[in-house]
């Protein structure tokens, strides 16, 4: 997966980290690059018979953390009409690690001391998932978001882009490489809002 990159934008520079920062776990499934017909672009397909055993995670080293302080997580994901889940681990101002897990097969939200699980509804085709980590941390635990430690995306989905931002941006504000270019006949209401920290890039 040489084209999987982590990129951080600053006011003057673009930094790239090699795909060694991404760990791939596959059991009874596959993780591979394919060309998606709807957007005519390379994407990462994550499929498996068991969502818990097929996933990508960043960073690869379980002893390391991302240390991303930007509060908005944005994911461009294709609905494969199968079970799908993702998980984000954050640190709050009580120095406690909390996990947020969203899935399309759960119907209710459950908040426990160290994990919050919640339902997620995806439309057909490509979706933009916007996750306000600061707001969720405050609402679930009554604490303040400090930084994101880890992101893990499980089967079953196709991934075009996953990134963090300081706020939500209009498509006109986005760098070209953060936009999802759809052929005219496939244009939908997908609104891209992004900037600053790109975790997984499919192409």
Q | Number of positions in segment 156-165 that are part of a loop (DSSP other than H, G, I, E, B) and under 19 Å from residue 100 (Cβ atoms) | A | 0
Q. Farther than 15 Å from residue 51 by Cβ, within 12 Å of the chain's Cα centre (by Cα) and modelled with pLDDT under 95: does that describe residue 152?
A. no
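Residue by residue, here is whether (1) under 22 Å from residue 98 (Cα atoms); (2) buried (at least 21 other Cβ atoms within 10 Å of the Cβ) holds:
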residue	(1), (2)
122	no, no
125	no, no
128	no, no
132	yes, no
135	yes, no
140	yes, no
146	yes, no
149	yes, no
154	yes, yes
Q: Name the single residue, out of those in segment 9-49 being in a strand (DSSP E or B) and within 21 Å of residue 62 (Cα to Cα), that is modelled with the highest pLDDT.
A: 46
Q. Quick check: is even one residue across segment 86-93 touching a residue at least 12 places away in the same chain (Cβ under 8 Å), more than 14 Å from the chain's Cα centre (by Cα) and outside any strand (DSSP E or B)?
A. yes
(Q) The conditions are (1) free of Cβ contacts under 8 Å to residues at least 60 places away in the same chain; (2) part of a loop (DSSP other than H, G, I, E, B), and residue 168 fails exactly one of them. Which is it? (A) (1)
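The values are calculated or read from the model by the stated rules, or taken from the named source; none is laboratory data. For clarity, every value in this text was computed on a predicted model and none was experimentally measured. Cβ sites come from the backbone with ideal geometry, for glycine too, and all protein chains shown count toward neighbours.
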